[in-house]
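Structure, as structure tokens:
The values are calculated or read from the model by the stated rules, or taken from the named source; none is laboratory data. The shown structure was predicted, so the numbers you read here are calculated from the model rather than taken from an experiment. Cβ sites come from the backbone with ideal geometry, for glycine too, and all protein chains shown count toward neighbours. Just so you know, the surface numbers come from the protein's heavy atoms only, side chains and all, with ligands and any DNA or RNA stripped out. Shrake-Rupley method; radii C 1.70, N 1.55, O 1.52, S 1.80 Å.
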Amino acid sequence: MQQPNPFGGVIENLSVDEVKAGLEAGTILLVDVREPNELAAERIPGAVDFPLSTFDAAALPDPAGKTLVFSCRSGQRSQRAAAAAQAAGADLYRHMAGGILAWKEAGFPTEQG
């Protein structure tokens, strides 16, 4: 369910369970907006790197029929990314609530590099 995004536009919070199921089913493209040093230390398998510091909505990967979902460390930067995408005219408003911290807390796997 969409709700106001504190950074502008609207946001839909997806749980880590919803995102994991979507990744496994091939219906979600997870876009991680953390910085390269964070991604090198730990990442969610299958996530696409797209750092917020160089964010360009026009350069976002084509989800190819999948639902594009933003993620980050805790859920703040992913909301900023959604707001920036919407400001640029993209209909992108989903993010993984709690970020990789919630993902790990749920016991889901991560990888290095």
State which residue pairs qualify: first residue charged (D, E, K, R) and inside region 37-64, second residue exposed (fewer than 15 other Cβ atoms within 10 Å of the Cβ) and modelled with pLDDT of 95 or more in any location, beta carbons under 9 Å apart, and separation of 6 or more residues or different chains. Glu42/Thr110; Glu42/Glu111; Arg43/Thr110; Arg43/Glu111; Asp49/Pro36; Asp56/Ala88
Could you say which residue among Ala64, Ala59, Ala81 is surrounded by 19 or more Cβ atoms within 10 Å (Cβ to Cβ) and more than 17 Å from Glu111 (Cα to Cα)? Ala81
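Yes or no, residue by residue, for (1) surrounded by fewer than 15 Cβ atoms within 10 Å (Cβ to Cβ); (2) of a type outside the set (Val, Ile, Thr); (3) under 20 Å from Phe108 (Cβ atoms); (4) in contact with a strand residue (DSSP E or B) (Cβ under 9 Å, 6 or more places away or on another chain):
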residue	(1), (2), (3), (4)
Asp17	yes, yes, yes, no
Glu42	no, yes, yes, yes
Leu68	no, yes, yes, yes
Ala85	no, yes, no, yes
Ala88	yes, yes, no, no
Any chance region 101-112 includes a residue that's at pLDDT below 95 and out of contact with any Cys (no Cβ under 6 Å at 6 or more places or on another chain)? yes
Filtered residue count, region 98-113, keeping only those that are on the phi < 0 side of the Ramachandran plot, not aromatic (Phe, Trp, Tyr) and not in a loop (DSSP other than H, G, I, E, B): 6
Which numbered condition Arg34 fails, given (1) in contact (Cβ under 8 Å) with a residue 40 or more places away in the chain; (2) among the basic types (Lys, Arg); (3) open to solvent by 40 Å² or more (accessible area, probe 1.4 Å); (4) under 19 Å from Gly113 (Cα atoms): (3)
Ile28 of a type in the set (Val, Ile, Thr), buried (at least 20 other Cβ atoms within 10 Å of the Cβ), out of contact with any Gly (no Cβ under 7 Å at 6 or more places or on another chain) and in contact (Cβ under 8 Å) with a residue 40 or more places away in the chain: no
Filter result (aliphatic (A, V, I, L, M), farther than 15 Å from Leu68 by Cβ and touching a residue at least 40 places away in the same chain (Cβ under 8 Å)) within region 1-25: Val16
